[in-house]
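Next up is a structure, given as structure tokens.
The values are calculated or read from the model by the stated rules, or taken from the named source; none is laboratory data. What you see is a predicted model; the values in this text were computed from it and never measured. Virtual Cβ from ideal backbone geometry, glycine too; neighbours counted across all protein chains shown. The protein model used for the area step is the full one, side chains on, heavy atoms only, and it has no ligands, DNA or RNA in it. Shrake-Rupley method; radii C 1.70, N 1.55, O 1.52, S 1.80 Å.
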Amino acid sequence: MLARERQRRLLGAMADAGIEHVVLYGNAWQGDYLRYATNFGILEGHGIAVLSCDGAIELFLDSATEAERAESEAPENKINFAADIARAVAARLDRAANRRLAAAPRRFLPSWLADNARGFVLEDATALLDRLLLHKLPAEIAALRRAAQMADDAYAVFREAVRPGRRQYEIVADIEAYLRRQGCPDNFMIIGSGGTDVLGMTPPSERRILPGDLVTTELTPAVEGYFAQICRTLVVGRATAAQRRAFDVFREALAAGIAAVRPGATAADVARAENDVFRKYGLGDYTTSKWTRVRGHGLGLFCDSKPHLLEDVDTPLTPGMALIVHPNTYHPEVGYIVLGDAVVVTQKGAEVLCRTPRELFEVAA
């Protein structure tokens, strides 16, 4: 079972570091550290787990609904409901105050709990957990492959769902319904539609799709908690010459970024390879933080994991890491365009997980 493999790996890392108890925090937005040990995907509120070196796990949740769900979905953990989980966890840690304790991500813990005035000291184990989250087990890669297939299938549904007159939220609802029918419990998705007035993607709005729109999406379903992402752009009607020219730049940038993914390269190398294509066409301004956040990022138990693909991030790439490479940004002639594929770093370079063609798709107007 994948959860047991992760736990054995974490316990081994704790033993190597001399850590006897690790405290893991998660919330509804980012629950990867918590899920790595507990195999519980938190949906609301806050959660803190205490993993002991003997493998025992206590999970503290401040939502009664989540505590009830955890009892059935993660029965291997000892579940504790507490309105104030910081103090409940502190009472648990007081009993281990003479042991070596650490937390991840320590910076996210309630400040009261992490305060050195407590009767125990929580070292920072974030880097330790990050290494485990970054470098996937073979079973984790297998889950990512299945999630990427689901993303491809869902994008085919997306293309069918986009029609003039439909509202953004109706399209996204179709995708959510499809994914739930496929047994996918979680999907991070944003969307954009329009022309040069569109500067990015957002959660779905009431805006209706119009002929001539560029319609973009970042679609990120999860399998066994592992997120794989695909980014694509389509046109409602026939693409204009300007839209095709612009899209060709993004296609070239994506190919350059993926070609840069190899052991020994860094996140910065991938971002630079993408950005250099834009600079070649006089579009360097649109690679800056004014127009775009990242040129890709890690994938795994969180949909926006480390490392971020930016020219100042020197994280080395090693086999077993999973990324989305996406040169998503604004183009001054046509508006915001997205194009991205999930990849896994291998000994030979990048294994591309997405199979959807890198085309500027057209749908009937």
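With the requirement that a residue be open to solvent by 50 Å² or more (accessible area, probe 1.4 Å) and either closer than 24 Å to LEU360 by Cβ or touching a residue at least 12 places away in the same chain (Cβ under 8 Å) (or both), what does the range 176-190 give you? Show your work before the answer.
In the first step, residues of the range 176-190 are kept if they are open to solvent by 50 Å² or more (accessible area, probe 1.4 Å); the result is 180-183, 185-186, 188.
Those that are open to solvent by 50 Å² or more (accessible area, probe 1.4 Å) and either closer than 24 Å to LEU360 by Cβ or touching a residue at least 12 places away in the same chain (Cβ under 8 Å) (or both): GLN182, PRO185, ASP186, PHE188.
Now for a different question. What are the pairs, 6+ residues apart or on separate chains, where a residue within the range 1-26 that is among the β-branched types (Val, Ile, Thr) has its Cβ under 7 Å from a residue that is open to solvent by 40 Å² or more (accessible area, probe 1.4 Å)?
Qualifying pairs under 7 Å: ILE19/ARG100.
If the Cβ limit is 6 Å and pairs must be 6+ apart or interchain, which residue in the range 191-215 that is under 16 Å from VAL172 (Cα atoms) and polar (S, T, N, Q) pairs with which residue that is assigned to a loop (DSSP other than H, G, I, E, B) and open to solvent by less than 20 Å² (accessible area, probe 1.4 Å)?
So the pair list comes out as SER193/ILE209; SER193/ASP213.
Quick grid of which residues meet (1) in the same structural domain as HIS297 (by TED's automatic domain parsing); (2) surrounded by 13 or more Cβ atoms within 10 Å (Cβ to Cβ):
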residue	(1), (2)
ALA102	no, yes
SER111	no, no
TYR155	yes, yes
GLN168	yes, yes
ASP174	yes, yes
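Also, I was wondering about something else. Tally up the residues in the range 245-262 that are farther than 17 Å from TYR336 by Cβ, open to solvent by 10 Å² or more (accessible area, probe 1.4 Å) and in a helix (DSSP H, G or I), please.
Looking only at that region, the number is 5.
Does any residue of the range 35-58 turn out to be basic (Lys, Arg), open to solvent by 10 Å² or more (accessible area, probe 1.4 Å) and touching a strand residue (DSSP E or B) at 6+ places or on another chain (Cβ under 8 Å)?
If we filter the range 35-58 for residues that are basic (Lys, Arg), which is where we start, we get 35.
Of the ones still in play, those that are also open to solvent by 10 Å² or more (accessible area, probe 1.4 Å) are 35.
After this cut, where a residue has to be touching a strand residue (DSSP E or B) at 6+ places or on another chain (Cβ under 8 Å) as well, the list is 35.
Yes, that holds for at least one residue.
Would you check if there is a residue in the range 325-333 being in the same structural domain as THR196 (by TED's automatic domain parsing), open to solvent by 60 Å² or more (accessible area, probe 1.4 Å) and outside any helix (DSSP H, G or I)? Before you say what the answer is, go through the steps one by one.
Restricting attention to the range 325-333, the residues satisfying the condition of being in the same structural domain as THR196 (by TED's automatic domain parsing) are 325-333.
Then drop every residue that is not open to solvent by 60 Å² or more (accessible area, probe 1.4 Å), which leaves 333.
Subset that is outside any helix (DSSP H, G or I): 333.
Yes.
With respect to GLU123, is the statement that it is surrounded by 13 or more Cβ atoms within 10 Å (Cβ to Cβ) and in contact (Cβ under 8 Å) with a residue 40 or more places away in the chain true?
Spelling it out, GLU123 is indeed surrounded by 13 or more Cβ atoms within 10 Å (Cβ to Cβ) and in contact (Cβ under 8 Å) with a residue 40 or more places away in the chain.
Per-residue answers, yes or no, for (1) in the same structural domain as ALA222 (by TED's automatic domain parsing); (2) part of a loop (DSSP other than H, G, I, E, B); (3) open to solvent by 10 Å² or more (accessible area, probe 1.4 Å):
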| residue | (1), (2), (3) |
| --- | --- |
| GLY264 | yes, yes, yes |
| GLU274 | yes, no, no |
| HIS297 | yes, no, no |
| GLY300 | yes, yes, no |
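Please go through the range 131-152 and pick out each residue that is in contact with a helix residue (DSSP H, G or I) (Cβ under 8 Å, 6 or more places away or on another chain), open to solvent by 10 Å² or more (accessible area, probe 1.4 Å) and within 15 Å of THR220 (Cβ to Cβ).
Here is the first cut: in the range 131-152, the ones in contact with a helix residue (DSSP H, G or I) (Cβ under 8 Å, 6 or more places away or on another chain) are 131-133, 136-137, 139-140, 143, 150.
Next cut, open to solvent by 10 Å² or more (accessible area, probe 1.4 Å) only: 131-133, 136-137, 139, 150.
Hit for the range 131-152 is MET150, nothing else.
Go over the candidates GLU44, GLU76 one by one and state the one that is part of a loop (DSSP other than H, G, I, E, B), farther than 21 Å from LEU137 by Cβ and not basic (Lys, Arg). So that I can check it myself, show each step before the final result.
Values: GLU76 fails: farther than 21 Å from LEU137 by Cβ.
After ruling out the rest, the residue left standing is GLU44.
Further question on the same structure: When the residues of the range 248-266 are filtered to those that are over 14 Å from ARG295 (Cβ atoms) and free of Cβ contacts under 8 Å to residues at least 60 places away in the same chain, which remaining residue is farthest from the chain's Cα centre (by Cα)?
ASP248
Just for the range 201-234: of the residues that are small (Gly, Ala, Ser) and open to solvent by less than 20 Å² (accessible area, probe 1.4 Å), which one is nearest to ALA365 (Cα to Cα)? Steps first, please.
Narrowing the range 201-234 to residues small (Gly, Ala, Ser): 205, 212, 222, 225, 228.
Next, from what is left, pick out any that are open to solvent by less than 20 Å² (accessible area, probe 1.4 Å): 222, 225, 228.
Details: ALA222: 32, GLY225: 37, ALA228: 30 Å.
Here the answer is ALA228.
Something else: Here are some residues: ALA117, ALA139, ALA70. Which one is touching a residue at least 40 places away in the same chain (Cβ under 8 Å) and out of contact with any Lys or Arg (no Cβ under 7 Å at 6 or more places or on another chain)?
Details: ALA117 fails: touching a residue at least 40 places away in the same chain (Cβ under 8 Å); ALA70 fails: touching a residue at least 40 places away in the same chain (Cβ under 8 Å).
Testing whether each residue is touching a residue at least 40 places away in the same chain (Cβ under 8 Å) and out of contact with any Lys or Arg (no Cβ under 7 Å at 6 or more places or on another chain) leaves just ALA139.
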